[in-house]
Amino acid sequence: MQTDILRQKFLDFFKAKKHKIVDSDSLVPRDDPTVLFTPAGMNQFKRLFFGHLTGFTRAATCQRCLRTDDLDKVGKTPGHHTFFEMLGNFSFGDYFKEDAISFAWEFLTEEIKIAEERLWVSIYKDDDEAFKIWKNKIKIPENKIIKLGDKENFWPAEAKEKGPNGPCGPCSEIFFDQGDTVGCARSDCDPACNCGRFVEVWNLVFTQFNRKEGGILEPLPTKNIDTGMGLERLAAVMQGVYTNFETDLFQPILREITTNIESGAGAAKKEFMYAVADHIRAIVFAIYDGVLPSNEARGYIIRKLIRKSTLHLRTLGIKNPFLYKLIPVLSEVMKISYPELNNRKENIAQIVLAEEKSFINILNSSDTLFSKIPLAADADKIGEAVFQLYDTYGMPVEETEGWLKKQGFKNLPAIVNVVSKKLEEQKNRSKAQSSMKGDVFALKELHLAGAKTNFLGYAKYEAKAKILKIIKDSTLVKKANKGEEVKIIIDKTVFYPESGGQVGDTGEFRKGKNIFRVTDTQKFDKVIVHKGKVLEGGFKTGNELRACADIERRLSIARNHTATHLLQAALRKVLGAHIQQQGSLVAEDRLRFDFTHFKALANDELDRIEEEVNNYIINNEGLKTKMLTLGEAKKQGALAFFGEKYEQRVRMVAIGDFSKELCGGTHLDSVGQIGLFKIISEGSVASGIRRIEAVTGESAYRAIKERENILAEASSILNVPAENLTQELQKKLAQIKELEKKLNLQRLDIITSSVDGIIQGSQNIKALKIITKVIENTDMDLLRKTIDLIKERTDNAVIALGSVLDGRALLVMGITPDLVTRGLDASILIRDVAKVIGGSGGGRKDFAQAGGNKPENLEKAFQEFKNIMGNLK
């Protein structure tokens with residue numbers, strides 16, 4: 001049975017059982033500080049497990065998940081993955097064990113026809129209720145019901161004794177028996193054995209307790225069901241194969257890899273192929289959900305997966321960028337469940353390609369990088385150097401360890417210990433900085449339970465309201481007095497909470513002479529929270545007041561938000577339909593829009609985009625909002641921000657026939673109210689992601705006036721009309737260029753005559769000529785020519801020249817051809833030296849250059865250069 005059919009059968013089955021079919025949440029969990037990625041189907045329902053119901057008590061999903069706990073096992077075992085899809089059905093105070101068990105058995109044995117005799121189950125050792133259901137109702141033979149302990153059949157594992165805090169309970173697992181030809185072949189083998197014969201198919205978790213500090217288990221307000229069944233494992237069972245990698249989810253990817261690897265490499269190194277096939281799924285769907293490769297938190301995980309895959313491919317004989325070529329294949333495999341992936345595959349491929357190229361360049365420079373390791377030092381210093389290569393350049397620790405082993409280094413275990421310690425310290429720092437803290441089910445603002453705010457701000461700026469709750473320092477209080485900073489929840493509000501990139505409203509609560517200044521507005525679930533300070537008098541729970549949003553500020557924000565919609569329409573018109581929103585900021589004074597695009601925008605493209613937006617404004621189209629189902633909105637062509645989670649009923653904002661977006665923000669009545677739109681800047685945020693910043697209305701007018709004033713001042717200085725300014729500037733620049741050319745020729749003559757003296761002043765380090773010299777008031781071009789002159793007159797030399805020009809330090813490095821062939825690389829050497837002058841640099845193996853803002857450190861930079869050369873092996 002094809003995986004796409006399996007997935008749909010599961011959802012259809014539970015839909016018939018009165019479950020609400022909920023779309024998969026993003027891999028980036030919302031409002032959950034406890035996990036980097038969504039690890040299970042239940043994560044998006046955490047609040048429902050606490051009784052915060054939102055219109056349904058039964059749900060079923062096919063949730064995309066990402067875990068890295070068992071990263072080292074991926075590819076080596078039949079069923080470990082980073083990315084996977086989890087089928088799950090859930091009950092929030094509705095049905096419990098009997099129905100959960102019955103539904104699971106019915107689906108497996110009747111809906112998809114798995115033979116009953118191939119199924120076994122396990123239960124928690126003290127769960128007599130589950131035992132009786134399996135034995136008496138389902139009629140499973142008692143010898144096929146295995147009782148296991150806290151580690152195997154309580155969720156989370158060993159939670160009773162070790163935590164974490166939050167909902168927990170016993171679970172029951174269903175196993176598929178692959179037969180006695182698989183595994184240990186013992187006659188008494190059962191699901192408690194880890195030989196691989198029994199495949200865990202479905203885990204039914206009966207969440208009925210809330211664990212608190214000290215291991216206290218208190219009953220939850222309602223008993224809940226949380227089940228999870230890996231789609232990949234189920235597909236392997238249904239397709240009669242031993243590993244998940246033999247299913248239709250992976251085979252097209254593996255075929256693409258096989259056709260490109262060295263002959264015979266695949267059979268010998270199948271685990272590397274499997275790992276790459278797994279990792280590309282995690283990489284693509286993480287980027288799909290807005291995670292870009294970086295050195296922090298989620299982005300670091302994705303960068304790590306790309307780099308591990310690149311190393312695996314090199315092992316298979318693929319030395320050039322290849323991973324990105326698998327993305328169209330994956331897009332085709334997943335097209336039924338994720339049709340949007342097809343529209344974004346090119347952009348995702350560009351991001352992956354850029355990462356591959358960068359890492360391959362690092363690997364190709366390995367000899368130069370490894371030369372930084374002080375082999376004569378002790379294990380601590382060598383371990384520190386190995387870690388620095390990893391931390392600064394991204395060189396995998398395993399690669400460096402392999403190089404050390406080839407050098408015949410004996411004390412490798414001691415070095416590995418040092419590196420492991422450094423990596424652990426870095427991991428702990430990263431964990432602390434990423435704010436990943438709290439209990440498994442920690443919820444923001446638990447005081448919000450039962451509260452709900454009615455938002456009136458689309459039509460009003462003021463409204464009467466009643467105080468429901470006052471929170472001070474995470475504690476509920478009955479009143480707030482003058483000078484106190486608190487959060488206030490009211491029954492209805494005109495204040496828009498920060499959401500969808502739009503900043504939260506500010507304003508005042510007024511009750512007679514009592515004033516509360518609202519400095520920010522946030523939303524948690526269905527509750528709007530007003531943060532601020534009591535300026536006059538005091539406020540109590542139950543008080544009636546008047547909520548007044550800052551009107552002018554709201555209108556400025558609305559101008560920028562409506563302009564953001566116009567900007568996206570213009571981008572798609574000028575650049576193409578591949579444009580996808582990646583993020584935005586809609587503030588009072590500006591707007592920022594991040595979008596997918598492969599390269600920097602040319603000036604004429606920016607001009608056309610700006611002109612297009614202003615044409616929309618001049619035409620003054622009206623803006624219409626409409627509530628409709630998510631499906632209807634998509635059918636009408638409404639654009640959605642891919643990282644956002646939408647309800648079944650959504651608000652569509654339409655402008656003319658050129659812009660339709662799903663949006664909950666505040667807008668103008670017509671686009672003419674924007675007045676004017678001006679792009680301020682365009683640049684790169686990450687590989688394949690561009691950013692435009694712009695202003696509207698009065699801010700746009702002021703920006704234009706500032707530029708006019710600059711032009712007027714320049715015209716006055718050059719004593720020409722503004723229309724002749726460009727021509728006059730070109731004339732002046734040509735004159736300056738000619739003068740500089742003559743001056744440089746004179747300087748070059750002087751330097752040429754002194755080249756032999758510069759060479760004679762070289763220092764012998766490790767049998768190499770090390771040449772350093774500061775040449776005052778010399779530009780980068782002349783420094784480069786001096787390097788060339790020196791290289792013409794000597795060999796066996798590494799050269800570093802510096803200068804100070806216009807308050808900045810300039811640095812160039814050159815390596816004679818004979819040393820380049822021996823593996824020396826100027827582009828690598830200059831990186832560490834450039835840091836001393838407060839800058840960075842790069843270039844080719846034979847020549848590199850850098851600039852910095854610490855010209856006073858030039859001599860120190862030369863000393864660092866000599867130290868590096870002295871440590872070369």
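The values are calculated or read from the model by the stated rules, or taken from the named source; none is laboratory data. These figures come from a predicted structure and were not determined experimentally. Neighbour counts run over all protein chains shown; Cβ positions are idealised from the backbone, glycine included. These accessible areas exclude ligands, DNA and RNA; they are computed on the full protein's heavy atoms, side chains included. Shrake-Rupley method; radii C 1.70, N 1.55, O 1.52, S 1.80 Å.
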Practice prompt. Sort out for me the strands (runs of 3 or more DSSP E) sitting completely within segment 528-620 that have 1 or more residues that are within 30 Å of L353 (Cβ to Cβ).
Written response: 581-586, 591-596
Worksheet item: What is the number of the single condition among (1) closer than 30 Å to K269 by Cβ; (2) touching a helix residue (DSSP H, G or I) at 6+ places or on another chain (Cβ under 6 Å); (3) among the hydrophobic types (A, V, I, L, M, F, W, C) that L87 does not meet?
Response: (1)
Item to complete: Could you list all residues from segment 667-696 that are surrounded by 22 or more Cβ atoms within 10 Å (Cβ to Cβ) and small (G, A, S)?
Response: G688, A694
Discussion item. Filter segment 1-38 down to the residues that are part of a loop (DSSP other than H, G, I, E, B), open to solvent by less than 40 Å² (accessible area, probe 1.4 Å) and closer than 15 Å to L87 by Cβ and list them by number.
Written reply: H19, V22, S24, D25, T38
Worksheet item: Of (1) acidic (D, E); (2) over 30 Å from Y300 (Cβ atoms); (3) open to solvent by less than 20 Å² (accessible area, probe 1.4 Å), E142 satisfies all except one. Which?
Response: (3)
Worksheet item: Within segment 521-533, is there a residue that is among the aromatic types (F, W, Y), under 23 Å from E647 (Cα atoms) and open to solvent by less than 30 Å² (accessible area, probe 1.4 Å)?
Response: yes
Worksheet entry | Residue under evaluation M229, criteria (1) under 34 Å from the mean Cα position of the chain (by Cα); (2) assigned to a loop (DSSP other than H, G, I, E, B), criterion not met | (2)
Worksheet item: Does any residue of segment 473-487 turn out to be within 29 Å of Q582 (Cα to Cα) and in contact with a Leu (Cβ under 9 Å, 6 or more places away or on another chain)?
Response: no
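Only one of S762, S753, S715 is without any contact (Cβ under 8 Å) to a residue 40 or more places away in the chain and in contact with a Pro (Cβ under 9 Å, 6 or more places away or on another chain). Can you tell me which?
S715
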Practice prompt. Go through segment 592-607 residue by residue and tally those that are under 21 Å from the mean Cα position of the chain (by Cα), touching a residue at least 12 places away in the same chain (Cβ under 8 Å) and open to solvent by 20 Å² or more (accessible area, probe 1.4 Å).
Written response: 2
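Yes or no, residue by residue, for (1) under 26 Å from R344 (Cβ atoms); (2) within 30 Å of the chain's Cα centre (by Cα); (3) modelled with pLDDT of 85 or more:
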{"site": "I618", "(1), (2), (3)": "no, no, yes"}
{"site": "E621", "(1), (2), (3)": "no, no, yes"}
{"site": "K624", "(1), (2), (3)": "no, no, yes"}
{"site": "F642", "(1), (2), (3)": "yes, yes, no"}
{"site": "Y646", "(1), (2), (3)": "yes, yes, no"}
{"site": "R649", "(1), (2), (3)": "yes, yes, yes"}
Worksheet, complete the sentence: Condition set of a type in the set (A, V, I, L, M, F, W, C) and under 18 Å from the mean Cα position of the chain (by Cα), scope segment 1-39, selection modelled with the lowest pLDDT: answer is V35
Worksheet item: Do we find a residue being polar (S, T, N, Q), in contact with a helix residue (DSSP H, G or I) (Cβ under 9 Å, 6 or more places away or on another chain), assigned to a strand (DSSP E or B) and within 21 Å of K540 (Cβ to Cβ) anywhere in segment 481-503?
Response: no
Discussion item. Could you check segment 232-262 and list, in sequence order, the residues that are among the aromatic types (F, W, Y) and open to solvent by 60 Å² or more (accessible area, probe 1.4 Å)?
Written reply: Y242
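Taking G507 as the residue in question, decide whether it is more than 30 Å from G55 (Cα to Cα) and in contact with a Cys (Cβ under 7 Å, 6 or more places away or on another chain).
When the stated conditions are applied, G507 passes them.
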Fill in: Scan of segment 44-55 for residues that are of a type outside the set (K, R) and either in contact with a His (Cβ under 8 Å, 6 or more places away or on another chain) or modelled with pLDDT under 85 (or both), ordered by number
L48, F49, F50, G51, H52, L53, T54, G55
Item to complete: For M627, state whether it is part of a strand (DSSP E or B), open to solvent by less than 40 Å² (accessible area, probe 1.4 Å) and out of contact with any Phe, Trp or Tyr (no Cβ under 7 Å at 6 or more places or on another chain).
Response: no
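Conditions tested, residue by residue: (1) touching a Ser or Thr at 6+ places or on another chain (Cβ under 8 Å); (2) charged (D, E, K, R); (3) touching a residue at least 24 places away in the same chain (Cβ under 8 Å).
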| site | (1), (2), (3) |
| --- | --- |
| Q350 | yes, no, yes |
| T368 | no, no, yes |
| D391 | no, yes, yes |
| K422 | no, yes, yes |
Worksheet, complete the sentence: Restricted to segment 845-861 and to residues being over 13 Å from L810 (Cβ atoms) and more than 38 Å from the chain's Cα centre (by Cα), the residue surrounded by the fewest Cβ atoms within 10 Å (Cβ to Cβ) is E856
Item to complete: Say whether the condition of being more than 26 Å from R64 (Cβ to Cβ), over 38 Å from the mean Cα position of the chain (by Cα) and of a type outside the set (S, T, Y) is met by at least one residue in segment 163-173.
Response: no
Item to complete: State all residues of segment 145-169 that are among the acidic types (D, E) and surrounded by fewer than 16 Cβ atoms within 10 Å (Cβ to Cβ); if no residue qualifies, say none.
Response: E158, E161
Discussion item. Out of L448, L423, L375, I need the residue that is at pLDDT below 85 and surrounded by 18 or more Cβ atoms within 10 Å (Cβ to Cβ). Which one?
Written reply: L448
Practice prompt. Would you tally the residues in segment 451-497 being open to solvent by 80 Å² or more (accessible area, probe 1.4 Å), closer than 23 Å to P33 by Cα and modelled with pLDDT of 95 or more?
Written response: 0
Discussion item. With the requirement that a residue be within 18 Å of V833 (Cβ to Cβ) and touching an Asp or Glu at 6+ places or on another chain (Cβ under 8 Å), what does segment 347-371 give you?
Written reply: S365, T368
Fill in: Qualifying position, being aliphatic (A, V, I, L, M), more than 30 Å from K769 (Cα to Cα) and surrounded by 12 or more Cβ atoms within 10 Å (Cβ to Cβ), among A734, A714
A714
Worksheet item: What about A638, is it open to solvent by less than 50 Å² (accessible area, probe 1.4 Å) and within 28 Å of S556 (Cβ to Cβ)?
Response: yes
Worksheet item: Is one or more of the residues making up segment 697-709 at pLDDT 90 or above, closer than 30 Å to E621 by Cα, assigned to a strand (DSSP E or B) and open to solvent by less than 60 Å² (accessible area, probe 1.4 Å)?
Response: no
Discussion item. For a quick check of your reading: which strands (runs of 3 or more DSSP E) sit entirely within segment 107-217 and have at least 1 residues that are small (G, A, S) and either modelled with pLDDT of 95 or more or over 27 Å from T77 (Cβ atoms) (or both)?
Written reply: 119-124, 166-177
Worksheet, complete the sentence: Scanning segment 300-345 for residues that are within 22 Å of I362 (Cα to Cα) and of a type in the set (G, A, S), the one most open to solvent (accessible area, probe 1.4 Å) turns out to be G317
